[in-house]
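Read through the structure below, which is laid out as structure tokens, and then see the notes.
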Amino acid sequence: PDRLFLGGPNSLWGFRTHGVGPREQRHTSTGLPHAKTPCDSLGGEVLATSSLSLSAPMPGRQFEKLGARAHAFASAGALHSLGGLTGTAAAEGLPPPSPGAAFVAGLRSCIGVGLAFPTPLGRLEVNLTQVLRRMPGDSVVRNGLQVGISPPAA
């Protein structure tokens, strides 16, 4: 089955690409996980994102020639496996939370500002981000600096 992934400047600012959601430690050549090996994103079946971005042209002739725009943004999103929404608490003998409550409890959020430039490859963004809410295991960008490129609009 197809898996959904979340994180990165094109889906949830402030997080690394595929940096949100269930993860599993990578196995070594012996077939066993090791504490120093990185974790791989497993993806999920339930995803939602929302973002708000306000942008304006940068003042100045040079910025105008480049088509540069300043922007401020906020984004929120969540990624879950179906099993994570429906019942691990029941397996532990606890009453399961409603799927809606479990989904909201897993929301991540970020705010930030940045510059965007059109290029032949697509829109290039350089952003300063501040993650407001994350979960253990999520992978966020270092120092709040995020660079990304999105494909040109069709």
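The values are calculated or read from the model by the stated rules, or taken from the named source; none is laboratory data. Just so it is clear, the model here is predicted, and its values are computed rather than measured. Note: ideal-geometry Cβ built from the backbone for every residue, glycine included; neighbour counts use all protein chains shown. Side chains are part of the model used for accessible areas, which takes the heavy atoms of the whole protein and leaves out ligands, DNA and RNA. Shrake-Rupley method; radii C 1.70, N 1.55, O 1.52, S 1.80 Å.
Output the residue which, of all residues in the stretch 97-109 that are part of a loop (DSSP other than H, G, I, E, B) and among the small types (Gly, Ala, Ser), is modelled with the lowest pLDDT.
Ser98
Would you be able to say whether some residue in the stretch 69-76 is of a type in the set (D, E, K, R), closer than 27 Å to Val147 by Cβ and either open to solvent by 60 Å² or more (accessible area, probe 1.4 Å) or at pLDDT 85 or above (or both)?
There is at least one residue in the stretch 69-76 that is of a type in the set (D, E, K, R), closer than 27 Å to Val147 by Cβ and either open to solvent by 60 Å² or more (accessible area, probe 1.4 Å) or at pLDDT 85 or above (or both).
Tell me which residues, restricted to the stretch 110-154, are on the phi > 0 side of the Ramachandran plot and not in a strand (DSSP E or B).
Gly137, Asn143, Gly144
For the subset of the stretch 20-68 comprising residues that are at pLDDT 90 or above and part of a loop (DSSP other than H, G, I, E, B), which member is least open to solvent (accessible area, probe 1.4 Å)?
Ala68
May I ask you to list the residues in the stretch 42-80 that are free of Cβ contacts under 8 Å to residues at least 60 places away in the same chain and hydroxyl-bearing (Ser, Thr, Tyr)?
Scanning the stretch 42-80 gives Thr49, Ser50, Ser51, Ser53.
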